[in-house]
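What follows is calculated from the coordinates using simple rules that are stated; it is not laboratory data. Not measured: the values here are computed from a predicted model. Glycine also receives a Cβ, built like all others from the backbone with ideal geometry; neighbour counts cover every protein chain displayed.
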2 protein chains.
Amino acid sequence: MWHENKFTQEIGIKYPIIQAGMAGGVTTPELVGTVSNAGGLGTLGAGYMSPDDIDQSIQKIKQLTPNPFGVNVFIPEFPEVSDGQIEKSNQLMSPFREELNLKTKQTPKQSKSLFDKQMDVILKHKVPVCSFTFGVPSKETVQKLKRENIIVIGTATTVNEAIINEENGMDMVVVQGSEAGGHRGTFFSPFENAMIGTMALVPQVADHVDIPVIAAGGIMDSRGVLASIVLGAQAVQMGTAFVTSSESGAKEQHKDAIMNTTEEQPVITSAFSGKPARGIQNQFILKMKDYEDNLPGYPVQNSLTKDIRKEAAKQNRPEWMSLWSGQNPRLSQKESANDIMVNIVADVTSQISAISKHGK
Amino acid sequence: MWHENKFTQEIGIKYPIIQAGMAGGVTTPELVGTVSNAGGLGTLGAGYMSPDDIDQSIQKIKQLTPNPFGVNVFIPEFPEVSDGQIEKSNQLMSPFREELNLKTKQTPKQSKSLFDKQMDVILKHKVPVCSFTFGVPSKETVQKLKRENIIVIGTATTVNEAIINEENGMDMVVVQGSEAGGHRGTFFSPFENAMIGTMALVPQVADHVDIPVIAAGGIMDSRGVLASIVLGAQAVQMGTAFVTSSESGAKEQHKDAIMNTTEEQPVITSAFSGKPARGIQNQFILKMKDYEDNLPGYPVQNSLTKDIRKEAAKQNRPEWMSLWSGQNPRLSQKESANDIMVNIVADVTSQISAISKHGK
């Protein structure tokens, strides 16, 4: 069967489909559990989560599914940011805060120990899969995880980054094309040079690493899944497709924005977080366009805009929210994550049967 | 068979593979004839060619192959450019000209009647296929072509542009993803918004037009061909894959640059032509980076750099040449265009047979 390969065998699941570990509350335990129950790999997006929240979420997921699932974490970054830069960014944010009646300026704090504490929870629970974004973990971390039989998956956006993942002990690698929504995992190559489309990136990476390649970026339905496999991937990772699902924790304005946009509107902006990410163009992105290159680096700018994004959602002002989306929003659907999985599996099977007839 | 569809039936060829009509001397009659003899659709890139040269090339192609072939032309653009802008651009070019011992400044001339004269030759020869880049031709032109049973193919880089092509009578539409090398055909959507990866663009367009969709951008081998068909395309158009072929008229430095680069190096630049295009990063691109947004518009800047690009090739200085390439150069091969075709067809057939087994 098309879904029986090294990827599904090693993880012990039925279908080679990962629901991406998107941060920011999208990946509820219900979403993760539903995808894993449907035979895919649900993933908790724990990048910004406290160790306690991760612990509780993992407990809930384990109650919801007996199947393997994953937890995604971010390799931490500590950019040098001056007080002046933070002050300048707070000034730029003040018109938005005023409109939202938010009084306080933000003073971002970065916890140096968050990542280690997140890893402790993941190790304690022996989660089946741990995936990483924005870099590769230390050898020590990889060894600890492997000792608990945790499968480790890295993220790459160029051939070089995929090779670095393999060399650093990753069991598999997600290969993210430029179509992807939100932040891509670029960590070694310059951002502009790493803007490579999925169609071009997947076969080039597949030719250069031996670990299973997981295609991501612009994949929304069976056509993208089967095309990825044809290109040399063993599995796919889908983010935007699950943001609009009923189990997703994304704000309704975010879901509606994806449902109603076109492929031209998700643009690259650094304004929300200090790192380039793909989101649906809105007033915040447009107003910050001239300033985005001089903002504090990620994740400092991300902390500085957190109150605005949160309050904008509360007050139903999507023009100031981060509406992350990939470049394939016309294929988005508001349905259960289970239906998304079931439809993809059925459609891949019919597509294969149609192609097989054409092969004769 | 996988290759029997509306596209191949309407054009009357065996395989749904178009060799892109790249301008600038790449598409020799030998290349066009070889691809058409191998069952694909060779295309003469006539965008910058004089009517006489087109006439002679078509005569040669007809001697080389009895099979259908295409001619690609550019919808003309006449940007407003001041003498000051031309003077400024000539100043920026003068360091390159000095190094190359080129004495004269360029004074670009635009012929308002070139396009009509090109069309006259195409009509006279009743070429089987005429394809258009940078826009859609007038209704009158479409009618004239159809009266001669010439199949007309347009180029789109967004869903809207594909719909415009269909509404204006194009029989088929090439859908170019952001991976594509050289100039893409964007003509309606803003350039940045039209930077959509092939994986995302093809299924969205396929859902919105009834005419056959031809996928382009990042496609280099059987994996890309079959993936495109899976995504909803009926055919593919490949450019970079044929630039390095033995029949291609590309300069040897250009072929070598593609053979030796990675997916990270073909970047977007407006410096050579005044219109964004993807080429391998070199000294010219880097030195012009700060000025490229204020250069004369296409095709004026293109005329202004023509002598530099030509002389740089003669003097073997690839650092000042336009080394157009898509984002998949690691898959390029220096072989005959016939071998490229034969290998793709054989590999697609084996890939389908492998998938068919997995379907059971």
**Dipole moment magnitude, nearest 20 debye, the protein assembly as shown about Cα centre, only Lys, Arg, Asp, Glu C-beta charged** = 300
**Request:** Could you sort A:137-144, A:4-11, A:238-245 so that the peptide with the highest average Cβ count within 10 Å comes first and the rest follow in order?
**Result:** A:238-245, A:4-11, A:137-144
**Item:** Amide H contacts of residue A:71 (H built 1.01 Å from N, under 5 Å, at least 5 apart or other chain)
**Value:** A:44, A:129, A:130, A:131
**Request:** Just tell me which lysines come within less than 16 Å, Cα to Cα, of residue A:275; anything on the same chain fewer than 8 places away is out.
**Result:** A:289, A:306
**Fill in**
What helix-only [θ] at 222 nm does chain B give? Using -39500 (n - 2.57) per DSSP H run of at least 4, over all residues, to the nearest 500, the answer is -12500 deg cm²/dmol
**Request:** Would you tell me the mean number of C-beta atoms belonging to other protein chains that fall within 10 Å of each C-beta in A:260-267, as a whole number?
**Result:** 5
**Request:** Express the C-alpha Rg of the protein assembly as shown as a ratio against the empirical globular expectation 2.2 N^0.38 Å, rounded to two decimals.
**Result:** 0.97
**Message:** As a test, work out the antiparallel percent of DSSP beta bridges whose residues both lie in chain B, rounded to the nearest 5.
**Reply:** 20
**Complete:** Pseudo-spin-label distance residue B:59 to residue A:116, built 7 Å along Cα→Cβ, given in nm, is 8.1
**Prompt:** Assigning unit charges at the beta carbon (Lys, Arg +1; Asp, Glu -1) and nothing else, what dipole magnitude in debye, to the nearest 20, does the range B:115-236 show about its Cα centre?
**Reply:** 420
**Prompt:** Under a 5 Å amide H to amide H cut-off, with H placed in plane at 1.01 Å, what residues pair with residue B:155 once short-range neighbours are removed?
**Reply:** B:132, B:135, B:174
**Prompt:** If you bin the C-alpha pair distances of the range A:291-344 every 5 Å from 0, what whole percents do you get?
**Reply:** 4, 14, 15, 16, 17, 13, 11, 6, 2, 0
**Request:** Using R₀ = 51 Å, calculate the FRET efficiency as 1/(1 + (r/R₀)^6) where r is the Cβ-Cβ separation of residue A:343 and residue B:290; round to 0.05.
**Result:** 0.55
**For the range A:168-201 and the range B:252-324, distance of Cα centres in Å** = 26
**Prompt:** Averaged across the residues of A:308-321, what count of C-beta atoms belonging to other chains lies within 10 Å of each residue's C-beta?
**Reply:** 0
**Positive-end residue of B:137, B:122, B:81, charge dipole of chain B with Cβ unit charges** = B:122
**With eigenvalues of the C-alpha gyration tensor scaled by 5 and rooted, the range B:195-301, Å** = 28, 19, 12
**Message:** How much of the pair distance distribution for chain A lies past 33 Å, counting alpha-carbon pairs only, in percent?
**Reply:** 24
**Request:** Excluding residues on the same chain fewer than 8 positions from residue A:126, give the lysines whose Cα lies under 26 Å from its Cα.
**Result:** A:6, A:14, A:60, A:62, A:112, A:117, A:139, A:144, A:146
**Request:** Could you give the size of the charge dipole of the range A:312-360 about its Cα centre, using +1 on the Cβ of each K and R and -1 on the Cβ of each D and E, expressed in debye and rounded to the nearest 20?
**Result:** 100
**Asked** How much length is gained if the chain between residue A:50 and residue A:353 is pulled fully straight, taking 0.36 nm per residue apart and subtracting their Cα-Cα distance, in nm to one decimal?
**Response** 104.4 nm
**Request:** List, in order, the whole-Hz ³J(HN,Hα) value for each residue of the range B:348-356 obtained from phi through the Karplus relation with A = 6.51, B = -1.76, C = 1.60 and θ = phi - 60°; use x for Gly and Pro.
**Result:** 4, 4, 5, 4, 5, 5, 5, 5, 4
**Message:** Which of the three applies to the range B:97-207, rounded, prolate or oblate, going by the alpha-carbon gyration tensor with a ≥ b ≥ c and a/c under 1.5 meaning rounded?
**Reply:** oblate
**Message:** From the P(r) of the range B:1-125, could you give the percentage of C-alpha pairs in the tail past 23 Å?
**Reply:** 49
**Fill in**
Counting only residues 5 or more apart in sequence or on a different chain, those whose built amide H sits under 5 Å from that of residue A:211 are none
**Request:** Report ³J(HN,Hα) in whole Hz for each residue of the range A:335-346, in order, from the Karplus equation J = 6.51 cos²θ - 1.76 cosθ + 1.60 where θ = phi - 60°; Gly and Pro get x.
**Result:** 8, 5, 4, 5, 5, 4, 5, 4, 5, 4, 4, 5
**Asked** Hey, which aspartates and glutamates would be in cross-link range of residue B:109, C-alpha to C-alpha under 13 Å, not counting anything within fewer than 8 residues on its own chain?
**Response** B:77, B:80, B:83
**Fill in**
Everything considered on the Cα gyration tensor (a ≥ b ≥ c; rounded for a/c under 1.5, else prolate if a/b is larger than b/c, else oblate), the range B:220-360 must be described as prolate
**Message:** I'd like to compare B:215-221, A:222-228: which one has the highest average count of other Cβ atoms within 10 Å, and what's the full order after that?
**Reply:** B:215-221, A:222-228
**Prompt:** In whole Hz, what ³J(HN,Hα) sequence does the range B:219-236 give by Karplus (6.51, -1.76, 1.60; θ = phi - 60°), x for Gly and Pro?
**Reply:** 9, 10, 8, 4, 4, x, 5, 5, 4, 4, 5, 4, 6, x, 7, 9, 7, 10
